[in-house]
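The values are calculated or read from the model by the stated rules, or taken from the named source; none is laboratory data. Just so you know, these numbers come straight off a predicted model, no measurement behind them. Methodologically, a virtual Cβ is constructed for each residue, glycine included, from the backbone with ideal geometry; neighbour enumeration extends over all protein chains shown.
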Amino acid sequence: MSGVRVLVGTHKGAFILSSDGKRDEWEVSGPLFTGWEVYHMKGSPVDPNRIFVSQSSGWFGQVIQRSDDGGKTWTQPGTPPGEPTTGPGGMPKGESNKFVYDSSAETGKPLTTHQWYDGSQHPWEFKRVWHIEPSHSDPNTVFAGVEDAALFRSTDGGTSWRELPGLRGHGTGPKWQPGAGGMCLHTVLIDPANPNRIFIAISAAGAFRTDDGGKTWKPINKGLYSKYLPDPTAEVGHCVHRIALHRSRPNTLFMQKHWDVMRSDDAGDTWHEVSGNLPSDFGFVIDVHAHEPETIFVVPIKSDGEHFPPEGKLRVYRSRTGGNEWEALTKGLPQRDCYVNVLRDAMAVDSLEKCGIYFGTTGGQVYASSDAGDSWSPIVRDLPAVLSVEVQTLS
Amino acid sequence: MIRVELPPHLRALAHVEKEVQVEVVGPVTQRSVLDAIEARYPMLQGTIRDHVTQQRRPFLRFFVCGEDWTHHSPDAPMPDAVANGSEPILIVGAIAGG
């Protein structure tokens, strides 16, 4: 019997929502990691029982948690309770929350600086993990996109983390700058057909691609236009909110930018706008139907200064033409007095025969559609503000 | 034994009750006590002070014998009452945010 598991990260803990393939009735478990911010949780495609969680706090910093039994029990990978707390040689094993930026091999000093809010240069300072992306082929390999923006990789199941410094070191780092939410690397997409090709996105630097497994990177922002930049077509500095791809067409990328919905058909080398008839092309989430690579979903938000749906109507917009032509999906969603936001990692799709779509709001609702967006209903209504939503399709 | 009272979130991470006890060899200071806590509970590394800089996290405070020791030197000897175990060190999360 197939089923789905929806992994929900919130401002005050995590929740797991489970259902069978019909997706009519849901079991809600949680809160997990109560009181902590869970920016993201995601399961391994290789071993769905292995789930990684980014747990963070303004007081206590970053913690990585891992479950190997589908979310029933959790440990910090480097320090399972009950096991010796030191490794060979007596060294403490508390590595799972240790994210240390690389230094320059030549100088031994921190690798590069970035632009601060006042235009001065500022050293990189680790804040938190925004996004966790498990490998498609190895359950022990997992990537972490962090603030201040960098990409880390673990090859031992989240026990220890090493930066892929080629991203910050490729030269444009001093031009990157924090957005309102901080300078975060929030999107990590691994090409399903080529694990050496990875796309990432940073607010506010833009999108980048590696074709050699993370050694070298290049900005892929040609075609983006950002009027808040002195040079609106600059190589970097764009506030990309989210990128999505369909696994059957990894060269086609869809982007929700600060403003503008964009599309690339050459793996990000060039982009063109597909905002079309959207009521607002500002927003955070974007995702692709599990079985229809030209069917995409966004949730328009009024503006960068007003982070709520236009006219107080919560509407998912669907395009079946890969952009430009959009239809509003409203059945089951509040169509008056709704002033929530849907954050960048808070939409996901399942891969059941009839594609299910899920999104969470800052008002604590998690909405689900089991008919590709035609109709919606809330699984839960009153969680803390939802930061992220991921879905596991279980067989 | 040195007694340390942890804030609730760190107790949950370390799977301990309100108060923990650690042994410190040599002078009892903020640094030696935190070293002992992190050695005994490595899951707390990075949560009280930064992994690399060893700087206290800004929203944490250290209270000792009714005094705020947050801004004392990390190598300043703590009172005898802490060293002999009659008073705990309180690690407190600042009242901030929601």
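Which members of the range A:155-198 meet the condition of being surrounded by fewer than 21 Cβ atoms within 10 Å (Cβ to Cβ) and on the phi > 0 side of the Ramachandran plot?
Selection gives A:Gly171, A:Gly182.
Residue-by-condition table, conditions (1) surrounded by fewer than 18 Cβ atoms within 10 Å (Cβ to Cβ); (2) modelled with pLDDT of 95 or more; (3) of a type in the set (Gly, Ala, Ser); (4) part of a loop (DSSP other than H, G, I, E, B):
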{"site": "B:Ser32", "(1), (2), (3), (4)": "no, yes, yes, no"}
{"site": "B:Glu38", "(1), (2), (3), (4)": "no, no, no, no"}
{"site": "B:Gly46", "(1), (2), (3), (4)": "no, no, yes, yes"}
{"site": "B:Thr53", "(1), (2), (3), (4)": "yes, no, no, yes"}
{"site": "B:Thr70", "(1), (2), (3), (4)": "yes, no, no, yes"}
{"site": "B:Asp75", "(1), (2), (3), (4)": "yes, yes, no, yes"}
{"site": "B:Ala81", "(1), (2), (3), (4)": "yes, yes, yes, no"}
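So, B:Ile48, is that one touching a residue at least 40 places away in the same chain (Cβ under 8 Å), within 14 Å of chain A (Cβ to nearest Cβ) and touching a helix residue (DSSP H, G or I) at 6+ places or on another chain (Cβ under 7 Å) or not? Outline the logic, then answer.
Working: touching a residue at least 40 places away in the same chain (Cβ under 8 Å): yes; within 14 Å of chain A (Cβ to nearest Cβ): yes; touching a helix residue (DSSP H, G or I) at 6+ places or on another chain (Cβ under 7 Å): yes.
Judged against the criteria, B:Ile48 is a match.
Taking the range A:17-41 as the search range and keeping residues that are farther than 14 Å from A:Asp350 by Cβ and within 20 Å of the chain's Cα centre (by Cα), which one is farthest from the other protein chains (Cβ to nearest Cβ)?
Once the filter is applied, the top-ranked residue is A:His40.
I'm told B:Pro79 meets every condition in (1) within 11 Å of the chain's Cα centre (by Cα); (2) more than 14 Å from chain A (Cβ to nearest Cβ) except one. Can you identify the failing condition by its number?
For B:Pro79, the failing item is (1).
Go through (1) part of a strand (DSSP E or B); (2) within 14 Å of chain B (Cβ to nearest Cβ); (3) of a type in the set (Val, Ile, Thr) and name the single condition A:Ile132 misses.
(2)
So, in the range A:37-73, how many residues would count as being β-branched (Val, Ile, Thr) and surrounded by fewer than 22 Cβ atoms within 10 Å (Cβ to Cβ)? First the steps, then the outcome.
Residues of the range A:37-73 β-branched (Val, Ile, Thr): A:38, A:46, A:51, A:53, A:63-64, A:73.
Next, from what is left, pick out any that are surrounded by fewer than 22 Cβ atoms within 10 Å (Cβ to Cβ): A:46, A:73.
Result for the range A:37-73: 2.
Do you know which residues across the range B:11-29 are in contact with a helix residue (DSSP H, G or I) (Cβ under 6 Å, 6 or more places away or on another chain) and assigned to a helix (DSSP H, G or I)?
B:Leu13, B:Ala14
B:Leu13 passes all but one of (1) at the interface with chain A (Cβ under 10 Å from one of its Cβ atoms); (2) free of Cβ contacts under 8 Å to residues at least 24 places away in the same chain; which number fails?
Just one mismatch for B:Leu13, condition (2).
Pull up the range B:51-76, narrow it to residues that are at the interface with another protein chain (Cβ under 10 Å from one of its Cβ atoms) and of a type outside the set (A, V, I, L, M), then point me to the one that is nearest to B:Gly93 (Cα to Cα). Spell out how you get there, then give the answer.
Of the range B:51-76, the ones at the interface with another protein chain (Cβ under 10 Å from one of its Cβ atoms) are B:51-53, B:57-60.
In the following step, the residues that additionally are of a type outside the set (A, V, I, L, M) were identified as B:51, B:53, B:57-59.
Working: B:His51: 18, B:Thr53: 20, B:Arg57: 10, B:Pro58: 9, B:Phe59: 6 Å.
Going through the qualifying residues, I end up with B:Phe59.
Mind listing whichever residues of the range B:35-82 are under 27 Å from A:Lys98 (Cα atoms) and of a type in the set (Val, Ile, Thr)?
Filtering the range B:35-82 for residues under 27 Å from A:Lys98 (Cα atoms) gives B:35-63, B:69-75.
Passing the criteria: B:Ile37, B:Thr47, B:Ile48, B:Val52, B:Thr53, B:Thr70.
May I ask you to list the residues in the range A:115-126 that are touching a residue at least 60 places away in the same chain (Cβ under 8 Å) and surrounded by 19 or more Cβ atoms within 10 Å (Cβ to Cβ)?
Just the residues of the range A:115-126 that are touching a residue at least 60 places away in the same chain (Cβ under 8 Å), to begin with: A:115-117, A:126.
Passing the criteria: A:Gln115, A:Phe126.
Just checking: which of the strands (runs of 3 or more DSSP E) contained wholly in the range A:324-395 hold 1 or more residues that are closer than 23 Å to A:Met255 by Cβ? Give the steps one after another, and end with the answer.
Details: elements: A:327-329, A:347-349, A:357-360, A:366-369, A:377-380, A:386-394.
Output list reads A:327-329, A:347-349, A:357-360, A:366-369, A:386-394.
Which residues, counting only those in the range B:82-98, are free of Cβ contacts under 8 Å to residues at least 24 places away in the same chain and away from every other protein chain (no Cβ under 11 Å)?
Once the filter is applied, which keeps residues that are free of Cβ contacts under 8 Å to residues at least 24 places away in the same chain and away from every other protein chain (no Cβ under 11 Å), the range B:82-98 yields B:Asn84, B:Ser86.
Of everything in the range A:293-310 that's part of a loop (DSSP other than H, G, I, E, B) and touching a His at 6+ places or on another chain (Cβ under 8 Å), which residue is modelled with the lowest pLDDT?
Among those residues, the one meeting the criterion is A:Asp304.
Among A:Gly35, A:Gly61, which is more than 22 Å from A:Gly360 (Cα to Cα), small (Gly, Ala, Ser) and modelled with pLDDT under 95? Outline the logic, then answer.
Numbers: A:Gly35 fails: more than 22 Å from A:Gly360 (Cα to Cα).
Of the residues listed, the single one that is more than 22 Å from A:Gly360 (Cα to Cα), small (Gly, Ala, Ser) and modelled with pLDDT under 95 is A:Gly61.
Within the range A:346-359, track down each residue that is buried (at least 22 other Cβ atoms within 10 Å of the Cβ), under 24 Å from A:Asp69 (Cβ atoms) and out of contact with any Asp or Glu (no Cβ under 8 Å at 6 or more places or on another chain).
The answer is A:Asp350, and nothing else.
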